[in-house]
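I have placed the structure first, in the form of structure tokens, so that the comments after it can refer back to it.
Rule-based calculations on the coordinates, nothing more; no lab input. Just so it is clear, the structure is predicted and the values come from calculations on it, not from any experiment. Cβ placement follows ideal geometry from the backbone for every residue including glycine, while neighbour counts extend to all protein chains displayed.
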Amino acid sequence: MADMTLKSTKSDTALPPAKRAPMPRRTKILFYLVAWLIVLMPFLFWRGTWFGRPLTDADITKYLHDDKKPRHIQHALVQIGERFSRGENTRQWSPELARLATYPVEEVRNTDAWVMGQDNSNPQFHDALLKMLGDSSPLVRSNAALALVRFGDATGRPQIVSMLKPLAVVAPSAGRVTGVARAGEPVNHGTVLVKLENRGQLVEVRAPISGHIRAIEAQPGADVSQGTQIALLNPGDNEVWEALRALYAVGRPEDLPAIEPYKNPPREFSQRIAQQASETERAIRERSALR
């Protein structure tokens, strides 16, 4: 029988793979440099924005005066607060914390109010917090009022009660509405609610608190004047929680109508809100009965 085995011919023979030209040294260096930066940049960003990184005394003092980088000031403030919570002496920075109560950056004032509330034996902080009740930012006013409760001072009680109510947002300037957020959406502090065009300049009206958009009263294409109410925000879970806890200590019977809705809150609120509202109401009624 004839041999039926097929034999390879020269045309069937597999050719060896072509050798690639070696990568130029300069290109190789650039490749590794880019790869290294891809790994390094997120780390540097994290390191620069993470307030948990420990600072030395000298670092804290330096950061508290770094007006070019307000986040450095915040970092120092957080570190001071953590040191105080560990029982360390932080009085050397008390004058600086009192000074920062009027700092032009809202985030710094807000953090400052929270930190000063940690040391309720410091008269400098007490005086500074009382002045912060007149701050232009509702978030700063609220943090100052909550901090004062730790001093046994109920002066900020009206501000605390307002934390349970919808917050009106007004137009900071006149302009034509070019964009709006949607009612019912959750928002964080700083979320853009309405965009206005004023003489060719874009004005972004941002949420002064975190919560939910109850209503947007500005319509696209409409002209609004300065001071016109353009949005209404419902407070967020954490803001309501902190307000209810503070009113547990300083609330009065006239505050009960503001507390009542949270005994059966909307679904966007956590279960702890209903429980705290009931406990706060009970504490207020018991205090009232003892008078």
For region 83-238, what log10 I(q)/I(0) values come out of the Debye formula at q = 0.10, 0.11, 0.20 1/Å, with one point per alpha carbon and no solvent? -0.43, -0.51, -1.14
Using the 10 angstrom Cβ neighbour count as an exposure proxy, how do L148, L193, L55 rank, fewest first? L55, L193, L148
Shape call, region 167-235: gyration tensor on alpha carbons, a/c limit 1.5: prolate
Once the mean of 1/r over all distinct C-alpha pairs in region 239-291 is inverted, the Kirkwood radius in Å reads 10.9
Alpha carbon convex hull of region 179-287, projected area averaged over orientations, nm²: 7.8
State, in angstrom, two size descriptors of region 42-155 derived from its alpha carbons: Rg to one decimal place and Dmax to the nearest whole number. 13.6, 44
Of K69/K195; K68/K131; K68/K165, which pairs sit farther than 30 Å apart, going by alpha carbon to alpha carbon? K68/K165
